Amino acid sequence: MKYLLKFKKYAKSIYISHNDTLEELERMFRRSKIDMEYTKGFHSKPKISISQAVPLGYINRVLYVLLNTKQPQNFSNFNNYVSEGFKLIEYKPVEENYKLKIDYYVFKVYMSENLFLRFKEKISLDEKIKEKFLDLSYQINKQGIYVLKYKQRYNKIYNIWKTFDDMKGDFTFYPIVCDAIWGD
């Protein structure tokens, strides 16, 4: 059986690298006694794959995992076994030849005015950076925090933090991967 699982990765877990996230997921599946399918060979590994890496420090509400199991599984109480900062949102069985076909990630970034002005300046000066932020829009919430919303190609994620590499002083920066846009 093959399952598509959707996780949320938040809190301190946002600082776990992509490869370490894969290892952490493997430990969670073992703790919950999921009967995983393994690769063949001398160093067999569980048949698990996860969606594209996002930069460290981003909350990821759309961490997709493909898991092969030996028999049908019930994930209804799986959240009892997850590590801090992970939560299983939904799951469903999929066909054996199923592949992730995500085209875009949708990002939402909360930032203070000083960061927003720096970002606006950078993208006005560099057309290549501006092209990386598709469907870019923003609004200001009641607390005076700027909320940027944009999408980026699934396999070409640009870390918005690079536009603030020399920022000093107080600021607010809260990046979230909030949705995935699926292709055909």
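The values are calculated or read from the model by the stated rules, or taken from the named source; none is laboratory data. Predicted, not measured: the structure shown is a model, and the values here were computed from it. Methodologically, a virtual Cβ is constructed for each residue, glycine included, from the backbone with ideal geometry; neighbour enumeration extends over all protein chains shown.
Given the condition touching a residue at least 12 places away in the same chain (Cβ under 8 Å) and of a type in the set (Lys, Arg), answer yes or no: does some residue in the stretch 32-40 qualify? So far as the stretch 32-40 goes, no, none of its residues is touching a residue at least 12 places away in the same chain (Cβ under 8 Å) and of a type in the set (Lys, Arg). With the condition kept exactly as written, say whether any residue in the stretch 157-174 is loosely packed, with under 11 Cβ neighbours inside 10 Å, farther than 16 Å from Glu113 by Cα and under 21 Å from the mean Cα position of the chain (by Cα). Among the residues of the stretch 157-174, not one is loosely packed, with under 11 Cβ neighbours inside 10 Å, farther than 16 Å from Glu113 by Cα and under 21 Å from the mean Cα position of the chain (by Cα), which makes the answer no.
Return yes or no: is Tyr146 modelled with pLDDT under 95, outside the structural domain of Lys6 (by TED's automatic domain parsing) and crowded, with 16+ Cβ neighbours inside 10 Å? Spelling it out, it is not the case that Tyr146 is modelled with pLDDT under 95, outside the structural domain of Lys6 (by TED's automatic domain parsing) and crowded, with 16+ Cβ neighbours inside 10 Å. Criterion applied to Tyr154, Tyr91 was being touching a residue at least 24 places away in the same chain (Cβ under 8 Å), assigned by TED's automatic domain parsing to the domain that holds Gln73 and crowded, with 18+ Cβ neighbours inside 10 Å, and the one residue passing it is Tyr91. Counting only residues that are over 28 Å from Trp182 (Cα atoms) and either in the same structural domain as Gly57 (by TED's automatic domain parsing) or more than 23 Å from the chain's Cα centre (by Cα) (or both), the stretch 107-143 holds 14 of them.
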